[in-house]
Amino acid sequence: MFEELKEKALREISEAQDIAQLERIRVNYLGRKGILTEQMRSIGKLPPQERPRVGQLLNELKQIVEQALEERKKLLEIEEEKKNLQKLWVDVTLPGAIKKIGHLHPISRVLEEIETIFVSMGFKVVEGPEIEDAWHNFDALNTPEWHPARDMHDSFYLVDKLLRTHTSPVQIRTMLSEKPPIAIVSPGRVYRRDYDATHLPMFTQVEGLYVDENVSVAHLKYTLEVFVKRMFGPERRIRLKPSYFPFTEPSFEVDVSCGICNGEGCPSCKYTGWLEILGAGMVHPNVFRNVGYDPEKYTGFAFGMGVERIAMLKYRIKDIRDFVRNDERFLECF
Ligand code: DAH
């Protein structure tokens, strides 16, 4: 009778598929109301001479079942651990997740290039505030309140300040805090009430200023020629056209020869052979007076260029708004 019970118990134990099932089997045999426990309890009902033998057999059976449970449990535990490990297992030979690495915005790249060229010629890079006052932005630059040139610089006004409309006020700030010789370029954001395919309300300029004794238009022309050839290629030429800015006299519009037709004339340069890239001139004597410099002693040249425009010409970009659309298909081209 115990033989049968033993075989049944051992079979059930060996077939248990997990620890929970095994636990149910244990309770079924050895729990408080388990089969073996009940048997032990009923020994008392046997005739006294049989009790020791049955008791011994039951004890042996109990030990066998306990041991079988213990061994099966160990085995199941190992198997469960294996399964868990399999879930955690990493195939180190799989290709890694490719992370997209960003890069500098095309405007930042062009800006760095411009700075590098001027620094190599001895210019220092300085910055000025984007929130300016009208004196630095206009008056000191020989552009009084009534001046028509202010109309073209429609800006964003704060209570008693404005977002600078150009980087030229940095000329004033530098001349007020330093003595000649001065050779600086000043990059930065500027603001105007404009928005179309060639104008953004916020764009980037680089200002240049060189002040010393005996500075002439020849210095200006040479400096810009070096810049243009380094920026666009040694085959490119420049030309100066008369222009007007309140803070320079004489003033020039500087053109670069068209890179597509090499100055022959094509749709890209509207058949002129030339593309306008920046404004420049000799610092106006009034500007020197406004910063306390003697215009009889010092002369200087200044220039200002739009970085987006330079980038558009260099990379043949049609719409300036592409720079601020944040479209990866555009940005990835650089
Ligand atoms: N500030 C001018 C503008 O934003 C550009 C400019 C022209 C700057 C001539 C200069 C200059 O320094 O000499 O339109």
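The values are calculated or read from the model by the stated rules, or taken from the named source; none is laboratory data. Quick caveat, the model's predicted, so the values are computed rather than measured. Every residue, glycine as well, gets a Cβ built from its backbone with ideal geometry; the counts of neighbours run over all protein chains shown. These accessible areas exclude ligands, DNA and RNA; they are computed on the full protein's heavy atoms, side chains included. Shrake-Rupley method; radii C 1.70, N 1.55, O 1.52, S 1.80 Å.
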Scanning segment 303-328 for residues that are more than 16 Å from the ligand (Cβ to nearest atom), of a type outside the set (Lys, Arg) and more than 22 Å from PHE123 (Cα to Cα) gives MET312, LEU313, TYR315, ILE317, ASP319, ASP322, PHE323, VAL324, ASN326, ASP327, GLU328
Taking only pairs six or more apart or across chains, which ones have beta-carbon atoms under 8 Å, a first residue in segment 122-141 that is on the phi > 0 side of the Ramachandran plot, and a second residue that is open to solvent by 50 Å² or more (accessible area, probe 1.4 Å)?
-> none
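Yes/no per residue for (1) within 16 Å of the ligand (Cβ to nearest atom); (2) at pLDDT 90 or above:
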residue: LYS99; (1), (2): no, no
residue: SER108; (1), (2): no, yes
residue: PHE123; (1), (2): yes, yes
residue: LEU163; (1), (2): yes, yes
Can you tell me which residue in segment 236-286 is nearest to the ligand (Cβ to nearest atom), limited to those that are at positive phi and not small (Gly, Ala, Ser)?
-> LYS270
If you take the residues of segment 131-153 that are loosely packed, with under 15 Cβ neighbours inside 10 Å and within 13 Å of the ligand (Cβ to nearest atom), which of them is modelled with the highest pLDDT?
-> ASP151
Positions within segment 84-106 being more than 30 Å from PHE203 (Cα to Cα) and surrounded by 10 or more Cβ atoms within 10 Å (Cβ to Cβ), in sequence order | ASN84
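Let's see how each residue does on (1) outside the structural domain of ARG150 (by TED's automatic domain parsing); (2) open to solvent by 80 Å² or more (accessible area, probe 1.4 Å); (3) more than 27 Å from ALA149 (Cβ to Cβ); (4) touching a Ser or Thr at 6+ places or on another chain (Cβ under 7 Å):
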residue	(1), (2), (3), (4)
LEU220	no, no, no, no
LEU224	no, no, no, no
GLY233	no, no, yes, no
ARG239	no, yes, no, no
CYS258	no, no, yes, yes
ILE277	no, no, no, no
ASN286	no, no, no, no
GLY300	no, no, no, no
